[in-house]
Each structure stands twice: as structure tokens, then as C-alpha cells.
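Report on the following structure.
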Amino acid sequence: LEVAAPLWAGLVPVLRSVRLELSLANLEPLRIGIGERVRLGEAINLPVLKERVYYASDGVARVVPVIPGSSLKGVLRTATMTALTACGIEAHSGVKSDNCVVRLCDGVKLFEDLRKSMRADVVRAVVAGFCPACLLYGTPSVSSRLRVGEFVPEPSTVRLGVKTGVGIDRRSGASANVIYTVEYVEPGTVFSGVVTAVNTPNWLLALFARSLLLLDEGWLKIGGFKSRGMGLVSLLKDRGRLVVEGAVARDVPALEVLDGDVDRVEELPGCRTDEEGRLVCEGPGVYEALRRFAAAWDGFYCQRLPEVLERRREAARQVCRASVAGGEA
Ligand SMILES: [Zn+2]
């Protein structure tokens, strides 16, 4: 079986690794809850998620509100789907059976069976045909190539607020007597965290940058009570650090082609290459790089990708079918 199985489609060997340190602030109250605590005859409290965080800077552990990586990753996947749909590219949410393992290989079990018996290059050929959302954020049986860490606040910026309201008792229908309190993080709290990725071609980095800027531009929000004026966040444009290792140009700050069918060389004049051959962007250079990538997505990759991807998806389907036929023979 002759298949196009690009090495970057696998997670090993690592051809490129990316580390992005980010800071963001909430412009509106932010509420990432831990669910309702309801006791009969008592007030309903809706606290925010808090964790004990150790701060290496002063060696103190504090209980603070956090943004779990899973929350941020979920929002980013939604943003990515929005960006893909705008380019006419199929994308899956990853919820239940809405993923490429099911769509391309007719089911998780089949893909799992294939993976046990298939050569690594055949698996890569199938994964290369995944929609970019499944490729980046993962599916039930294929790992995410993006890891979003927990975002923790700068202690001096944290302020918590509480709103009190009167709700409707669903049992009696009476509108009085049910008092609830909603806790939230006051605007202006600064959260920092790290996003890492492996084997992301330039076009996938461009898509990620576009997704992150959709969040920054306010098209999407984080947490609960979004329709009630909560959850708007913004990147701190003068902060951050981006380090890319692998497929980095030697003489100028630029990323070389990783996916030969889609990528073009991406120049990032606001960044530099360090003595170890890594591309490093710092401070305002990070936001500048993100903007350049997002613009590359909107123009070049959004036009080029759909056709290549359609070919790869068809090839992936054929590989799955052929493997099924081979297994039955
Ligand atoms: Zn998919």
C-alpha cells in the first residue's frame, strides 16, 4: 500500500516543538464555577473554582481562582472551528462521535484495531487526513498535539466579587425566598500560563494564532454567564514569550516549511534566532508574531488548505477501507 504519510502527522519523532507563554486579563467579571451547592432551606452558592497554587517567586502557596487548561482549550477549539468553517473546511467539535476517527474510519473501534495492526506510516496517512480541529485538539483515540496548561493569577491583581439575586423556586413556582449568590473574579485580574505544541506545521500555527486572536478580539468568551456580561478576556500585548524549536531558518528569523504541500516560509522580523537555533519572540514580538500568523491564515492558508485537505481526507478514507478489506481477507 503506497501512502503519503508525512512525518509531522505523528507525534514522534518531534520535528518541531512550540512553547508559548501568555498573559491575559479579564475585561468583564469572570466566572469559572464548580457547580451548584444546593441545600434545602439554605442560600444557593455558586463559588468560582479555586486552587492552591505555589508561587515560586516568593515561595508562598495561595488559594486563588484559576482558569483550567481544559476550559481554555475548549474555547480555543470552538474558535478554531469558527475559523475553519469560514474557509469552507470541515471541522469537528470532538464532542461524542463528532470527530475524525468516526467520520473517516467509520468508528473508534475500527481505528483502534487498525492502529494495532497498521504500520506507523499508514496511521500517519490517516491522521494527515484529519480535519485541523481534530489534528490540533485530538480525538478519543488520537492525542492532542496542543497542551494548554492552567492559567494562574498574579496574586496582587486578584479581587473576588459576589452578586446576590432572588431566584424562582422551581418546585413551588414562587418567585421569592430563594436567594442565591454568584461569585466571580473582578475585571483586571491578570492570568498567566503556557501553551505547548508538537509537530505543528506553519499552517497549523497560523490557524492557532487566528483562534487565539478571535478570543482576544472578543468573538468568544471564557467561563459562565457569558450572555450576562461575563467572560470577556484580552491578551496582554507587551508580555509573553514564544520559542519554536525545529524547522527554524538559520540566518533570518523565520520558520521553514514543515508540511511541503501547504506551508510556506513564514518570516517573523520581530523575533530572533538564538545560539541554539531556536526562534525566540519576546514581549510585544509575541503579539506581532501572532498577528502575522493570523494574517497568513486569513489569506494564504485559508485559500490553499481546502483543496489539499480534501485530497488527504479521501486518501485517509481509502486507507481505512483498504485496511478493513485486508483484515477480512
Ligand atoms: Zn475532525
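So that you can scan it fast, the table gives a plain yes or no per residue for (1) touching a strand residue (DSSP E or B) at 6+ places or on another chain (Cβ under 9 Å); (2) outside any loop (DSSP other than H, G, I, E, B):
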residue	(1), (2)
GLY260	no, no
CYS281	yes, yes
GLN303	no, yes
GLU314	no, yes
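How many residues are more than 17 Å from ARG312 (Cβ to Cβ) and under 25 Å from the mean Cα position of the chain (by Cα) if we restrict to the range 103-114?
Within the range 103-114, residues that are more than 17 Å from ARG312 (Cβ to Cβ) and under 25 Å from the mean Cα position of the chain (by Cα) number 3.
Looking only at the range 123-134, which residues are more than 12 Å from the ligand (Cβ to nearest atom) and over 18 Å from GLY260 (Cα atoms)?
Scanning the range 123-134 gives a single hit, VAL123.
Which condition number in (1) open to solvent by 20 Å² or more (accessible area, probe 1.4 Å); (2) hydrophobic (A, V, I, L, M, F, W, C); (3) within 30 Å of VAL48 (Cβ to Cβ) is the one that VAL248 fails?
Status for VAL248: all satisfied but (3).
Within the range 84-105, can you find the residues that are open to solvent by 60 Å² or more (accessible area, probe 1.4 Å), within 14 Å of the ligand (Cβ to nearest atom) and on the phi > 0 side of the Ramachandran plot?
Across the range 84-105, the qualifying residue is only LYS96.
From (1) at positive phi; (2) modelled with pLDDT of 95 or more, pick out the condition that doesn't hold for GLY229.
(2)
Inside the range 63-83, can you point out the residues that are in contact with a strand residue (DSSP E or B) (Cβ under 6 Å, 6 or more places away or on another chain) and more than 16 Å from the ligand (Cβ to nearest atom)?
VAL63, VAL64, PRO65, VAL66, ILE67, GLY69, LEU72
In the set VAL152, VAL158, VAL182, which member is at pLDDT 95 or above, out of contact with any helix residue (DSSP H, G or I) (no Cβ under 8 Å at 6 or more places or on another chain) and buried (at least 19 other Cβ atoms within 10 Å of the Cβ)?
VAL152
Out of GLU307, GLU267, report the one residue that is acidic (Asp, Glu), farther than 30 Å from CYS105 by Cβ and surrounded by fewer than 20 Cβ atoms within 10 Å (Cβ to Cβ).
Unique residue meeting the criteria: GLU267.
Would you say LEU114 is assigned to a helix (DSSP H, G or I) and in contact with a Lys or Arg (Cβ under 9 Å, 6 or more places away or on another chain)?
no
Testing ALA120 on (1) open to solvent by 10 Å² or more (accessible area, probe 1.4 Å); (2) near the ligand (Cβ under 10 Å from one of its atoms), one condition comes back false. Which one is that?
(2)
Here is a check on your reading of the model: is MET81 out of contact with any Lys or Arg (no Cβ under 8 Å at 6 or more places or on another chain) and either open to solvent by 40 Å² or more (accessible area, probe 1.4 Å) or at pLDDT 95 or above (or both)?
Taking the combined requirement at face value, the residue satisfies it.
State which residue is farthest from VAL194 (Cα to Cα) when the search covers only the range 51-79 and only residues that are in a helix (DSSP H, G or I) and of a type outside the set (Ser, Thr, Tyr).
Among those that are in a helix (DSSP H, G or I) and of a type outside the set (Ser, Thr, Tyr), it is ALA79.
The values are calculated or read from the model by the stated rules, or taken from the named source; none is laboratory data. Please read these numbers as outputs of a predicted model, since none were measured by experiment. Please note: Cβ atoms are built from the backbone with ideal geometry, for glycine as well, and neighbour counts cover all protein chains shown. Heads up: the accessible areas ignore ligands, DNA and RNA and are worked out on the full protein's heavy atoms, side chains in. Shrake-Rupley method; radii C 1.70, N 1.55, O 1.52, S 1.80 Å.
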